[in-house]
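K.L.:
This structure is in structure tokens; I'll ask about it shortly.
The values are calculated or read from the model by the stated rules, or taken from the named source; none is laboratory data. Because the structure is a prediction, the values reported are computed rather than measured. Positions of Cβ are backbone-derived with ideal geometry, glycine not excepted, and every protein chain shown enters the neighbour counts. Areas reflect the complete protein model, heavy atoms only, side chains present, ligands, DNA and RNA absent. Shrake-Rupley method; radii C 1.70, N 1.55, O 1.52, S 1.80 Å.
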Amino acid sequence: MRFSRVIEEYLKNSTLHGARFIVDKDASWIERIFWVICLVASWYASWLLIKASLSAFENNAISFVVESSFRDWNTNFPAIIVCESKNMDRIQEVAEQLWGADHDFTLEEVLSEIAFFRGESYHTVHECSGEEVTASCFYSNFSYYAELVRSSCVDSISNCEWNNKPFECCKYFHRMETELGICYAINSMQAGKPKMPKLNMYSNRGSGPGALKMELHTEATVFILGTEEVPTLVTPKTDFLVVGPYISFVRYISKRDIENDEEIRQTSVHQRNCRFADENILDVHKFYSYSACTVQCRKDRQMELCNCSSHLSPNSPDWQLCNMEGLECLNRNYEDLSVIIAKWSKLRGRKGLVCDCLPSCTEVDITTVYDSKENMAGSQNAISRIEVGLIELPTERYKRNLVRGKLDLVVSIGGTTGLFVGASLLSFVEIFYYITIRPYTTYINEKRRLKRLIIPKRFQ
């Protein structure tokens, strides 16, 4: 069957509105032109609306609202992460173990930089590279020496209380690898192993606002973050406390969560512009978060510039960690690796790290409401006391709702094609039928008819 005849037959029998008038033999050329113009205009309008529906589905599928139905909420306490920042007594002790009591004291500065590496290593590069090298320097395996210096959980944290009820600190403060070194975290998704014990740190109308108290035996940085977040070199100062001995620190915070509608999971990462914690694409941490992504970004840039990464890079194989040559490279590129900047700033020549990192879909808004710092007069031990608590139970939270799902898209496209051209799904099946199946069946039927005409009945 000729293709023109197929098209003619399709238009005669099509369920698309107005199509049959184009091939109607009784219609004048004016009528045919009229219907062609109507059909073209209808299809064009239909396409514009379908395009708008697709664009809205891709770019405006999500809406944010503020919820205030707080009576039945269970509010999870933030993750509290303790990272040792300095310990000269431990450095002296390790230095004596490595080099004896009569050692070069510049090596203690080197050991301190290695153990508490923050991107720069002035003393290490100055003392252990170049022409005048200090004897007994070490040139690789820096992570081993960092582990020797860093204090254990038992030596760092004691006398823990949750809502004035004591608990065993190191049963619930779990080891956590970060780019700041080994830290200890409670109520963090990123710390410990899946089957390790977790303390119930939810607050509600029955329990009241939660509060955590503890004592630290070393100089440390205490981070107050969302449960999926991690400490980084560029964590905002509002998100941590720098604590030292003989001082009592108290911080009360307010917390606002983001709740996600169940149907949000059906959307793509591009549509919602965020990632859930279990949608992880990172090597350095087991769950996704914005801060974990920046750690991965920094590590990737270190590998690109120096062919190695910092010896404190979390969850990294030994072959990727820098030796002395790599450490010199990291030190040279400190400005490019230490600061995160916007892409447009890089185009203007500013030094820094450009990271294409999405926020977490469950990140929280933590605000400091009250801060105090008092001397612990009369204390016999070089400890610090820390108290972090919720000032009150939250009365608001953000909620991410799905306003345009896949079903909405199907309904919108179906309604548009039905309104403008009278089409349904079967209308498009007809096109396939008339182009493929119909010509074949017509050919078979014609062949059988001819066969009956040619072959006499007695031979049939």
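K.L.:
Helices (runs of 4 or more DSSP H) wholly in the stretch 134-225 with at least 1 residues that are among the β-branched types (Val, Ile, Thr) - which ones?
P.N.:
Because the criterion is at least 1 residues that are among the β-branched types (Val, Ile, Thr), the helices (runs of 4 or more DSSP H) in the stretch 134-225 that meet it are 142-149, 153-156.
K.L.:
Here's a follow-up. Kindly provide the set of residues from the stretch 412-440 that are within 16 Å of SER55 (Cβ to Cβ) and either of a type in the set (Val, Ile, Thr) or in contact with a strand residue (DSSP E or B) (Cβ under 6 Å, 6 or more places away or on another chain) (or both), ordered by number.
P.N.:
ILE413, THR416
K.L.:
Another one. Under 6 Å between Cβ atoms, which residue pairs at least 6 apart in sequence (or on different chains) link something in the stretch 341-364 that is on the phi > 0 side of the Ramachandran plot and in a loop (DSSP other than H, G, I, E, B) with a partner that is of a type in the set (A, V, I, L, M) and open to solvent by 20 Å² or more (accessible area, probe 1.4 Å)?
P.N.:
Pairs found: GLY352/VAL339.
K.L.:
Can you confirm whether the stretch 309-319 contains a residue that is hydroxyl-bearing (Ser, Thr, Tyr), outside any helix (DSSP H, G or I) and within 30 Å of ASP408 (Cβ to Cβ)?
P.N.:
Checked the stretch 309-319: no residue is hydroxyl-bearing (Ser, Thr, Tyr), outside any helix (DSSP H, G or I) and within 30 Å of ASP408 (Cβ to Cβ).
K.L.:
On to the next question. So in the stretch 104-128, with the set limited to residues that are surrounded by 17 or more Cβ atoms within 10 Å (Cβ to Cβ) and in a loop (DSSP other than H, G, I, E, B), which one is modelled with the lowest pLDDT?
P.N.:
So the residue we want is SER121.
K.L.:
Could you check how many residues of the stretch 215-234 are open to solvent by less than 20 Å² (accessible area, probe 1.4 Å), touching a Leu at 6+ places or on another chain (Cβ under 8 Å) and over 11 Å from ILE80 (Cα atoms)?
P.N.:
1
K.L.:
Here is a further query. Any residue in the stretch 70-79 that is within 30 Å of ASN204 (Cβ to Cβ), over 22 Å from the mean Cα position of the chain (by Cα), of a type in the set (Ser, Thr, Tyr) and not assigned by the TED database to the domain that holds VAL421?
P.N.:
Scanning the stretch 70-79, I find no residue that is within 30 Å of ASN204 (Cβ to Cβ), over 22 Å from the mean Cα position of the chain (by Cα), of a type in the set (Ser, Thr, Tyr) and not assigned by the TED database to the domain that holds VAL421, so the answer is no.
K.L.:
Here's something else I'd like to know. Which residue pairs have Cβ atoms closer than 8 Å, lie 6 or more positions apart in sequence or on different chains, and pair a first residue in the stretch 408-437 that is among the acidic types (Asp, Glu) with a second residue that is part of a helix (DSSP H, G or I) and open to solvent by 70 Å² or more (accessible area, probe 1.4 Å)?
P.N.:
Pairs found: GLU430/ASN13.
Conditions (1) over 30 Å from LEU225 (Cα atoms); (2) in contact (Cβ under 8 Å) with a residue 12 or more places away in the chain, marked per residue:
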position: LYS25; (1), (2): yes, no
position: ARG32; (1), (2): yes, no
position: ALA45; (1), (2): yes, yes
position: GLU58; (1), (2): yes, yes
position: PRO78; (1), (2): no, yes
position: MET88; (1), (2): no, yes
position: ILE91; (1), (2): no, yes
position: LEU98; (1), (2): yes, yes
position: THR106; (1), (2): yes, yes
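K.L.:
Within the stretch 238-272, which residues are within 21 Å of ARG385 (Cβ to Cβ), free of Cβ contacts under 8 Å to residues at least 24 places away in the same chain and assigned to a helix (DSSP H, G or I)?
P.N.:
Result: no residue meets the conditions.
K.L.:
Can you give me the ranges of the helices (runs of 4 or more DSSP H) entirely in the stretch 1-77 with at least 1 residues that are over 30 Å from VAL388 (Cβ atoms), small (Gly, Ala, Ser) and at pLDDT 85 or above?
P.N.:
29-59
K.L.:
From (1) without any contact (Cβ under 8 Å) to a residue 40 or more places away in the chain; (2) in the same structural domain as GLY389 (by the TED database); (3) on the phi > 0 side of the Ramachandran plot, pick out the condition that doesn't hold for SER136.
P.N.:
SER136 satisfies every listed condition except (2).
K.L.:
Cβ contacts < 7 Å: first residue β-branched (Val, Ile, Thr), restricted to the stretch 205-223; second residue crowded, with 18+ Cβ neighbours inside 10 Å and in a loop (DSSP other than H, G, I, E, B), any location; separation 6+ or different chain. Result?
P.N.:
Partner pairs satisfying both residue conditions: THR218/ASN87; THR218/SER151.
K.L.:
Sticking with this structure for a sec: Which condition does GLU279 not pass, out of (1) in the same structural domain as MET201 (by the TED database); (2) closer than 25 Å to LYS198 by Cα; (3) open to solvent by 10 Å² or more (accessible area, probe 1.4 Å), if it passes all the others?
P.N.:
The one condition GLU279 does not meet is (1).
K.L.:
Anything in the stretch 159-180 that is in contact with a helix residue (DSSP H, G or I) (Cβ under 6 Å, 6 or more places away or on another chain) and either open to solvent by less than 40 Å² (accessible area, probe 1.4 Å) or not assigned by the TED database to the domain that holds LEU212 (or both)? List them, or say none.
P.N.:
If the condition is that a residue be in contact with a helix residue (DSSP H, G or I) (Cβ under 6 Å, 6 or more places away or on another chain) and either open to solvent by less than 40 Å² (accessible area, probe 1.4 Å) or not assigned by the TED database to the domain that holds LEU212 (or both), then CYS160, PHE173, GLU179 are the ones that fit.
K.L.:
Another question, then. I'd like to know if the stretch 344-354 contains one or more residues that are open to solvent by less than 20 Å² (accessible area, probe 1.4 Å), farther than 24 Å from PHE223 by Cβ, more than 17 Å from the chain's Cα centre (by Cα) and not β-branched (Val, Ile, Thr).
P.N.:
The answer is yes; a qualifying residue exists.
K.L.:
While we're looking at this one, here's another question. Every residue in the stretch 181-227 that is closer than 18 Å to ILE157 by Cα and under 20 Å from the mean Cα position of the chain (by Cα), please.
P.N.:
Selection gives ALA185, ASN187, SER188, ALA191, GLY192, PHE223, ILE224.
K.L.:
Oh, and also: Regarding the stretch 72-79, can at least one residue be identified that is loosely packed, with under 15 Cβ neighbours inside 10 Å and in contact with a strand residue (DSSP E or B) (Cβ under 8 Å, 6 or more places away or on another chain)?
P.N.:
So far as the stretch 72-79 goes, yes, one or more of its residues are loosely packed, with under 15 Cβ neighbours inside 10 Å and in contact with a strand residue (DSSP E or B) (Cβ under 8 Å, 6 or more places away or on another chain).
K.L.:
Restricting the stretch 282-325 to residues that are of a type in the set (Lys, Arg) and crowded, with 21+ Cβ neighbours inside 10 Å, which is farthest from ILE62 (Cα to Cα)?
P.N.:
Taking the candidates together, the pick is LYS299.
K.L.:
What do you reckon, is ASN141 farther than 30 Å from SER203 by Cβ and either exposed (fewer than 15 other Cβ atoms within 10 Å of the Cβ) or without any contact (Cβ under 8 Å) to a residue 12 or more places away in the chain (or both)?
P.N.:
When the stated conditions are applied, ASN141 passes them.
K.L.:
Ok, one more. Of all residues in the stretch 46-87, how many are of a type in the set (Lys, Arg) and touching a Phe, Trp or Tyr at 6+ places or on another chain (Cβ under 9 Å)?
P.N.:
Qualifying residue count, the stretch 46-87: 1.
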